[in-house]
Amino acid sequence: MLRVLAVASVALGPQAAGWVRTMASHQLLVGPPEALRKPLSIPSRLLLGPGPANLAPRVRAAGGLQVIGHMHKEMHQIMDEIKQGIQYVFQTRNPLTLAISGSGHCALEAALFNLLEPGDSFLVGVNGIWGQRAADIGERIGARVHLMIKELGGHHTLQEVEEGLVQHKPVLLFLTQGESSSGVLQPLDGYGRLCHRYKCLLLVDSVASLGAVPIYMDQQGIDVLYSGSQKVLNAPPGTSLLSFSDKAKNKIYTRKTKPVSFYLDIKWLANFWGCDDKPRIYHHTTPITGLYTLRESLALIVEQGLEDSWRQHRETMAYLHGRLQGLGLRLFVKDPALRLPTITTVAVPAGYDWRDITNYVMDHFDIEIAGGLGPSAGKVLRIGLMGCNATRENVDRVTGALREALQRCPRHKL
């Protein structure tokens, strides 16, 4: 090819030869950015916010491996192992189980884009930001969205859900198991059975709870379950976990209209992930390195065991709560049974600006904690203990930093 270009440059003369050499018809208007001539520099921080969490060493090592082709047989083997890992952490035998090339939001959209059609009745439990997001997506699809709104810090009872099912006759109910904006843990026992009695499917968000609290997809009658990679699994953000029951699969495969997204079309993705026993057809180029790290994160929780992971998070949460109360701080969720082990919400202490506290902890200790999100903004501090970050040592570090922040940050008279 280079020899052909050289011959062409001689034949076409000096002006054309210059064009052949540069393959450009215009001068560059944007020069090379000086910032990109410098090496990448990342600070060392302890991430104890609502996510992402720090990466486990084995997961970091996987991220440094060379890529292979997304259609290579070795990559298909990795995808099959990821499916098995998802089935384990979800406690499901659903064949239609896969990973999504995108964050938890992407998995939520994949679920709703495939389950809902224009005009479908969609019942949404809203006790924080994730119910709000699900409702927003449902409206964009053209579903008839009905909200069950609870005050911040509350959960949806079986009686309230049944009243919504009777009134609105939805095809789908959305609940968040771990509401990271408020720190609430939503009970799930009995909700799937209740939905099925009214011919409704149950969709559950477990992004902030998976691996830290028990969830039994098949035994609890959950029809669609999704989660993310960046919290308890300690993998990088950018991949998510998703599974559909046979009832949910039937709803998808008997649609009257195509899903609004090709990228998230579950029929295509089911084939691509080897869920339909047919030869795999290319759908999109997966984030290969992200799948390496997701595979290793699932391997780590398999080695630890789900029950031991649940115990670890429960015990570390109890230790954190004791230390916070020892500082005179008030836990935002009143009922201990409804407190999410992964993300603890603390009422912003009177007289303080939450930004002063989070900034002080970051600037002086290189520890991330966060303020509220959505409806909880300005009301709470959020402290995350997820996966390998859920240790007593990290509790001591963050509560020590908080003690100093409360002593040094300005306190205004009310």
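Among VAL30, VAL59, which is the only one that is of a type in the set (A, V, I, L, M, F, W, C), free of Cβ contacts under 8 Å to residues at least 40 places away in the same chain and either out of contact with any Phe, Trp or Tyr (no Cβ under 8 Å at 6 or more places or on another chain) or at positive phi (or both)?
Answer to the check: VAL30.
Look through ASP277, ASP265, ASP246 and report the one residue that is in contact (Cβ under 8 Å) with a residue 12 or more places away in the chain and open to solvent by 80 Å² or more (accessible area, probe 1.4 Å).
Selected residue: ASP246, the only one of ASP277, ASP265, ASP246 that is in contact (Cβ under 8 Å) with a residue 12 or more places away in the chain and open to solvent by 80 Å² or more (accessible area, probe 1.4 Å).
Which of the following residues is within 30 Å of ASN54 (Cβ to Cβ) and more than 16 Å from the chain's Cα centre (by Cα): LEU152, LEU147?
LEU152
Residues being free of Cβ contacts under 8 Å to residues at least 60 places away in the same chain and over 19 Å from the mean Cα position of the chain (by Cα): count how many of those fall in segment 85-124.
5
Is it true that PHE332 is crowded, with 22+ Cβ neighbours inside 10 Å and among the hydrophobic types (A, V, I, L, M, F, W, C)?
yes
Kindly indicate the residue of segment 220-229 that is more than 18 Å from ILE129 (Cα to Cα) and among the polar types (S, T, N, Q) and also surrounded by the fewest Cβ atoms within 10 Å (Cβ to Cβ) among those meeting that condition.
GLN220
Here are some conditions: (1) surrounded by fewer than 20 Cβ atoms within 10 Å (Cβ to Cβ); (2) in a helix (DSSP H, G or I); (3) touching a residue at least 12 places away in the same chain (Cβ under 8 Å). ALA318 meets all but one. Which one does it not meet?
(3)
Sort out which residues of segment 377-397 are closer than 21 Å to SER227 by Cβ and open to solvent by less than 50 Å² (accessible area, probe 1.4 Å), and write them in order of number.
ARG382, ILE383, GLY384, LEU385, MET386, GLY387, ASN389, ALA390, listed by residue number.
Scan segment 54-71 residue by residue and report those that are more than 13 Å from THR293 (Cα to Cα) and open to solvent by 50 Å² or more (accessible area, probe 1.4 Å).
ILE68, MET71
For segment 366-388, which residues satisfy the criterion of being in a helix (DSSP H, G or I) and either of a type in the set (Lys, Arg) or closer than 27 Å to SER309 by Cβ (or both)?
Correct list: SER376, GLY387, CYS388.
Count, please, the residues in segment 281-301 that happen to be loosely packed, with under 14 Cβ neighbours inside 10 Å and either under 22 Å from LEU210 (Cα atoms) or not hydroxyl-bearing (Ser, Thr, Tyr) (or both).
Result for segment 281-301: 2.
Looking only at segment 72-82, how many residues end up being part of a loop (DSSP other than H, G, I, E, B) and open to solvent by less than 70 Å² (accessible area, probe 1.4 Å)?
So the count comes out to 0.
So, of the residues in segment 189-219 that are surrounded by fewer than 23 Cβ atoms within 10 Å (Cβ to Cβ) and of a type in the set (A, V, I, L, M), which turns out to be farthest from ILE129 (Cα to Cα)?
LEU194
Among the residues of segment 62-69, is there at least one that is over 30 Å from PRO336 (Cβ atoms) and not in a loop (DSSP other than H, G, I, E, B)?
Yes: segment 62-69 contains one or more residues that are over 30 Å from PRO336 (Cβ atoms) and not in a loop (DSSP other than H, G, I, E, B).
The values are calculated or read from the model by the stated rules, or taken from the named source; none is laboratory data. The structure presented is a predicted model; accordingly, all values stated were derived computationally and were not measured. Here Cβ is always computed from backbone atoms with ideal geometry, including for glycine, and neighbour counts include all displayed protein chains. Only protein heavy atoms, including side chains, enter the accessible area calculation; ligands, DNA and RNA are left aside. Shrake-Rupley method; radii C 1.70, N 1.55, O 1.52, S 1.80 Å.
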